[in-house]
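Worksheet: one structure, shown below.
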Amino acid sequence: MQPSQLAYWAPCVWKDNKVRSSTRIIVQEGVIAKIECNVPKRAEDIALHGMVIPGAANCHAHTFHRALRGLGKEGGTFWKWRETMYHVAHGLTPELYYCFARAVYTEMVMHGYTTVAEFHYIHHHSDGSPYEDPNIFGKALIQAALDSGIRLTLLDACYLHADVEGSSLGRYQKRFGDGSVAQWQERAEALDDEIVSRDYPTIQIGAAVHSVRACTLEEIAAVTAWAQSGKGHPLHVHLSEQIAENESCRKYTGMTPTQLLNQAGFWGPESVAVHATHMEHNDISILEASGSSVAMCPTTEADLADGIGPARMFQEHGIPLCVGSDECVCIDPFEEIRLLDAHERLASGNRDAFSPEELLNNLTAVGQAACGWKRSGLLREGYNADFIAIDMESLRTAGSSPESVPITAVGEDVSDVVINGRQIVQNKRHSSGISAARDIANISEIIRN
C-alpha cells in the first residue's frame with residue numbers, strides 16, 4: 001500500500017446486494033480505492049467487527065426536536081405538538097445549539113448514520129432580528145457535524161408565512177423567517193459561498209421550502225431557481241404530512257401541495273418530498289415523471305399520528321424512496337426501515353412488502369443520493385469511504401442469516417463507523433470522547449424551560 005492509504009478488513013461485507021467473505025477495503029484520501037474479497041487479514045489491516053454495510057443516510061432531521069423525546073406532554077395532535085416544539089425552538093441560542101447538535105450527531109453516528117440532511121429553519125434571534133452573523137446557527141450546525149464526524153447536508157429552509165393564505169409568522173415562528181425570499185437567498189448564498197471556499201469534504205449546502213404553508217407559489221419558484229442555478233443543490237420540502245394541509249391548500253389555491261409545487265417548477269431529480277403521507281394518484285404521477293425522491297420518516301409519522309404513506313406504491317412507480325429520523329423520537333436507521341416495512345404490511349395485509357435488499361438500498365444508496373452525495377452509499381471503488389460494521393453476535397442479530405442482519409439489527413449493534421475514510425467509532429466508542437447522553441440531557445432541560 002501507499003503511505004497515504006489505509007486498509008480495513010471485515011469477516012463479511014454487503015457488496016452489490018450479496019454478502020462477501022473476508023474482505024479488505026483499501027481507502028485513499030477518503031475514497032474507496034480497492035476492494036478485495038476472500039483474502040486473509042494482514043497485520044497492518046484495521047479490523048472491523050461484524051458485517052460491513054454502506055453508511056446509512058438520515059435524509060430528514062430537525063436536530064433540536066431531540067429535546068422533545070420523552071417529554072410526555074407534547075399534545076394529543078400534530079398541531080398541539082407543534083406548539084410545544086415552537087416553545088423548545090424559542091429557547092435555543094447558537095452556543096446551546098452547537099453543543100446539542102454535536103451530541104445528537106454523535107448519537108446518529110454511533111447508531112449507524114454516516115450522513116444527515118439537516119432541515120434547518122432556526123436562523124435569527126427569537127424576535128426575528130438577525131444576529132450580527134446572520135448564519136450563526138447554520139455555522140453552529142456545521143461545526144457540530146465536523147466535530148462529531150458526520151457527513152452533513154445543511155438544507156437552509158425558507159420559511160416566510162404561517163399558513164397557505166400568507167399570514168404573518170406567529171410569535172414563536174419569527175426567528176425562522178428572513179422577511180422576504182430575496183433576503184433568504186442573500187443569506188443562504190453567503191453561507192454557501194463560505195462553505196465552498198473552505199472546501200470541506202463532508203459538508204454541503206442545500207435548500208428547502210419549509211412547506212406550502214410557509215411560501216407562496218412565487219417564493220417557491222424563487223427558491224427553486226436558486227437551487228437549480230447550476231450548483232446542483234439538493235432541494236427538499238415537507239409535503240402532505242397532514243390532511244389539514246392538503247385541505248387548506250386545495251381551498252386556497254385549487255391545487256394539492258404537490259400540484260402547487262409542480263406549477264412552481266419545484267420537482268426534479270434533485271428534489272425530495274418529505275413525508276408525502278396523504279397523496280392523490282395524480283400527485284404520485286407528478287413525482288414519478290419528474291424523477292423526484294420521497295423521504296419517509298416512519299418513527300416520526302407514527303409518533304405524530306400522521307398516517308401511513310403509500311411506500312410500496314412509490315417503490316412500484318420507480319420513485320426513489322429513503323428514510324429520515326425527523327423529530328428524532330428514535331435515532332436508529334434499522335428501526336426506520338423496519339417500520340417502513342411494517343407500516344406497509346399493516347396497510348396492505350401482505351407480508352411481502354419489501355425485500356431486505358430493497359430496504360438496505362433505500363437506507364444507503366438512495367438515501368445518500370437524496371442528500372446530494374451521489375458517490376456514497378455503495379461499497380464500490382471510487383465511492384466515498386463511508387461504511388459501518390454491525391455486530392452479528394448480539395442478542396438481536398444472533399441466529400440471523402447474514403442477508404437478514406440489516407433488518408434484525410438495532411442501532412446499538414453498530415460496532416464500527418468509518419466516514420470519509422476515517423474511523424469515527426471503534427468497538428462502540430466514539431473517537432471524540434463526547435459525552436452525548438449527558439449533553440443531551442442537560443441541554444434538553446435548559447431549552448424545555
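Quick check on the stretch 147-157. Is at least one of its residues surrounded by fewer than 21 Cβ atoms within 10 Å (Cβ to Cβ), within 23 Å of Arg422 (Cβ to Cβ) and over 14 Å from the mean Cα position of the chain (by Cα)? Yes, that holds for at least one residue.
Considering only residues in the stretch 84-94 that are under 15 Å from Lys174 (Cα atoms) and assigned to a helix (DSSP H, G or I), the one that is most open to solvent (accessible area, probe 1.4 Å) turns out to be His87.
Only a single item in (1) under 23 Å from Arg448 (Cα atoms); (2) out of contact with any strand residue (DSSP E or B) (no Cβ under 9 Å at 6 or more places or on another chain) is not met by His65, and it is number (2). The set of residues in the stretch 17-48 being buried (at least 18 other Cβ atoms within 10 Å of the Cβ) and not aliphatic (A, V, I, L, M) consists of Arg20, Thr23, Arg24, Asp45. In the stretch 346-369, the residues that are acidic (Asp, Glu) form Cβ pairs under 9 Å with partners that are open to solvent by 20 Å² or more (accessible area, probe 1.4 Å), at six or more places apart or across chains, as follows: Asp352/Arg345; Glu357/Asn17; Glu357/Glu403; Glu358/Gln315.
Within the stretch 71-83, the residues that satisfy the criterion of being of a type outside the set (Lys, Arg) and open to solvent by 30 Å² or more (accessible area, probe 1.4 Å) are Leu71, Gly72, Glu74, Gly75, Gly76, Thr77, Trp79, Glu83. Taking the listed residues Ser415, Ser404, Ser444, the one that is closer than 30 Å to Leu71 by Cβ, among the hydroxyl-bearing types (Ser, Thr, Tyr) and open to solvent by less than 50 Å² (accessible area, probe 1.4 Å) is Ser444, with no other qualifying. Which of the residues belonging to the stretch 106-136 are buried (at least 19 other Cβ atoms within 10 Å of the Cβ), of a type in the set (D, E, K, R) and not in a strand (DSSP E or B)? Across the stretch 106-136, the qualifying residue is only Glu107.
Looking only at the stretch 310-320, which residues are of a type outside the set (Val, Ile, Thr), in a loop (DSSP other than H, G, I, E, B) and closer than 23 Å to Tyr113 by Cα? Correct list: Pro320 only. Among the residues of the stretch 418-427, some residue qualifies, meaning at least one is farther than 30 Å from Ala207 by Cα and open to solvent by 10 Å² or more (accessible area, probe 1.4 Å).
In the set Gly291, Gly232, Gly254, Gly265, only one residue is modelled with pLDDT under 95 and more than 22 Å from Ser325 (Cα to Cα); that residue is Gly232. So which pairs qualify, if the first residue must be in the stretch 326-341 and within 15 Å of Ala305 (Cα to Cα) and of a type in the set (Lys, Arg), the second must be open to solvent by less than 10 Å² (accessible area, probe 1.4 Å) and assigned to a strand (DSSP E or B), the Cβ gap must be under 9 Å, and the two must be at least 6 apart or on different chains? If the second residue must be open to solvent by less than 10 Å² (accessible area, probe 1.4 Å) and assigned to a strand (DSSP E or B), no pairs are left. Among residues of the stretch 409-427 that are assigned to a helix (DSSP H, G or I), those with a Cβ under 6 angstrom from a residue that is of a type in the set (A, V, I, L, M, F, W, C), sequence gap 6+ or separate chain, pair up as Asp413/Ile390.
Can you say whether Tyr98 is of a type outside the set (A, V, I, L, M, F, W, C), within 30 Å of Gly421 (Cα to Cα) and open to solvent by less than 10 Å² (accessible area, probe 1.4 Å), as far as the supplied structure shows? No; evaluated as a whole, the condition is false for this residue.
The values are calculated or read from the model by the stated rules, or taken from the named source; none is laboratory data. Keep in mind that this is a model prediction, so the values were computed, not measured. Quick reminder, even Gly has a Cβ in these numbers, built from the backbone with ideal geometry, and neighbours come from all protein chains shown. Heads up: the accessible areas ignore ligands, DNA and RNA and are worked out on the full protein's heavy atoms, side chains in. Shrake-Rupley method; radii C 1.70, N 1.55, O 1.52, S 1.80 Å.
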